[in-house]
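Enquirer: Take this structure first; my questions come after.
Please treat every number below as a calculation from the coordinates, not as lab data. Quick caveat, the model's predicted, so the values are computed rather than measured. Reconstructed Cβ throughout: ideal geometry from the backbone, glycine too, with neighbour counts over all protein chains shown.
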Amino acid sequence: MPMRSRSLLNVLAVPVVAMTFGSIWPCPVFSQTFEQLIAACSGTNATPDEQIAGCTGLIRSGRGTPKGLAEAHYNRGNAYRNKHDAAHAIADYDEAIRYNPAMAVAFGNRGGAYQEEGQYERAVADYDEAIRLNPAGAVPLRNRCWTRAILGQLPQALDDCNESLRVRPADAVTLVARGFVYLKSGALAEAIADYDAVLRTNPNAAVPLYGRGVARQRQGDAGGAADIAAARTVNAAIADQFARFGVQ
């Protein structure tokens with residue numbers, strides 16, 4: 001399931017939305033058939049609230065196997081993340097992992113939720129486990145790259161991004177992440193090359209525009225100002241977001 005898009009790499013922390021069960025399910029969940037609950041929990045033509053209700057119905061039904069309960073908690077955690085509620089998402093990923101300790105995607109998405117909360121060390125620990133369980137997983141490698149870059153662990157971050165790109169070549173989000181690592185490392189030509197590769201197919205993407213502008217300015221290229229201005233047109237907060245992660 002795709003997560004919502006936020007910040008530089010879809011991971012910028014946002015305030016946790018307080019939720020109560022009563023506010024989410026104004027009608028009894030068991031008014032739905034079991035098949036409807038399964039469809040809703042899987043996200044089939046369902047809003048996040050409908051998905052949460054469907055998964056909750058399955059969890060409360062008493063009919064779930066450990067694997068089924070792990071999947072229901074995992075899907076409900078994804079729905080909570082789509083509602084910007086990392087706290088409830090983490091609780092559901094905890095349960096998914098309890099029911100299925102080998103569920104790599106649950107570790108990966110819990111790491112993403114921790115990252116959104118600014119708990120970067122815990123995020124890295126979850127990405128470590130996701131990668132241990134599925135060494136060929138490009139997404140947790142990419143996300144660990146990004147998180148390590150935030151933490152200033154730049155050589156390790158670069159290794160992660162390179163390995164992610166080996167598994168999934170030319171992935172645009174990973175190129176943005178690696179460009180950020182290069183930018184923080186002072187490898188300006190390499191950062192520009194990665195940002196160029198993304199901008200060739202998405203010329204209005206704010207993050208590579210801003211990152212390329214900063215890199216060009218650091219090289220003494222006056223044309224960097226145009227990139228920065230274009231990025232701010234797309235995202236007025238882009239400079240603050242980069243500054244939050246150590247790039248000004």
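Enquirer: Per 0.36 nm of contour for each residue apart, how much would the distance between A189 and A102 grow if the chain were fully extended, relative to their Cα-Cα spacing?
Expert: 27.3 nm
Enquirer: Of V214, Y182, G111, which is farthest towards the positive pole of the chain's charge dipole, taken about the Cα centre with +1 and -1 on the beta-carbons of Lys, Arg and Asp, Glu respectively?
Expert: Towards the positive end, the residue furthest out is V214.
Enquirer: Could you work out how far apart the two model spin labels at A170 and T44 are, taking each label as a point 7 Å from the Cα in the direction of the beta carbon, and quote it in nm?
Expert: Here the answer is 3.5 nm between the modelled labels.
Enquirer: I need to check one value: relative contact order of the chain, counting alpha carbon pairs closer than 8 Å and at least 6 residues apart, in percent. List each step's numbers first, then the result.
Expert: Details: 376 pairs, mean separation 29.1, N = 248.
12 percent.
Enquirer: Just grab the label-to-label distance for A243 and Q36, each label 7 Å out from Cα along the Cβ direction, in nm (one decimal).
Expert: The two pseudo-label positions are separated by 5.1 nm.
Enquirer: Considering the dipole of segment 153-248 built from charges on the beta carbon (Lys and Arg +1, Asp and Glu -1) around the Cα centre, which of T233, L165, A205 is farthest to its positive end?
Expert: Looking along the dipole axis, the top candidate is T233.
Enquirer: Dimensions of segment 29-130 along principal axes (Cα, Å, largest first)?
Expert: 42, 26, 18
Enquirer: For every other residue with a beta carbon closer than 10 angstrom to the beta carbon of Y210, add +1 if it is Lys or Arg and -1 if Asp or Glu, then tell me the sum. Please list the in-between numbers first.
Expert: Numbers: positive: R212, R232; negative: D227.
Surrounding charge for Y210 is +1.
Enquirer: Next up: Please report, in debye to the nearest 20, how large the charge dipole of segment 159-248 is about its Cα centre when each Lys and Arg carries +1 at its beta carbon and each Asp and Glu carries -1 there.
Expert: 160
Enquirer: Let me spell out the model: positive unit charges on the Cβ of Lys and Arg, negative unit charges on the Cβ of Asp and Glu, origin at the Cα centre of the chain. What dipole size does that give, in debye rounded to 20?
Expert: Dipole magnitude for the chain comes out near 140 debye.
Enquirer: A further question on this structure: When the gyration tensor of segment 153-248 is built from Cα positions, what are the square roots of 5 times its three eigenvalues, in whole Å, from largest to smallest?
Expert: For segment 153-248, the semi-axes come out at 21, 14, 12 Å.
Enquirer: Identify which of F34, F180, F107 has the largest mean-square fluctuation in a Gaussian network model of the chain, with springs joining Cα atoms closer than 10 Å.
Expert: Sorting by GNM fluctuation, first place goes to F34.
Enquirer: Report the local net charge at I131: Lys and Arg +1, Asp and Glu -1, summed over other residues whose C-beta lies under 10 Å from its C-beta.
Expert: -3
Enquirer: With a point put 7 Å past each Cα toward its Cβ, work out how far A225 is from A136 in nm, to one decimal.
Expert: Between A225 and A136, the label points sit 5.1 nm apart.
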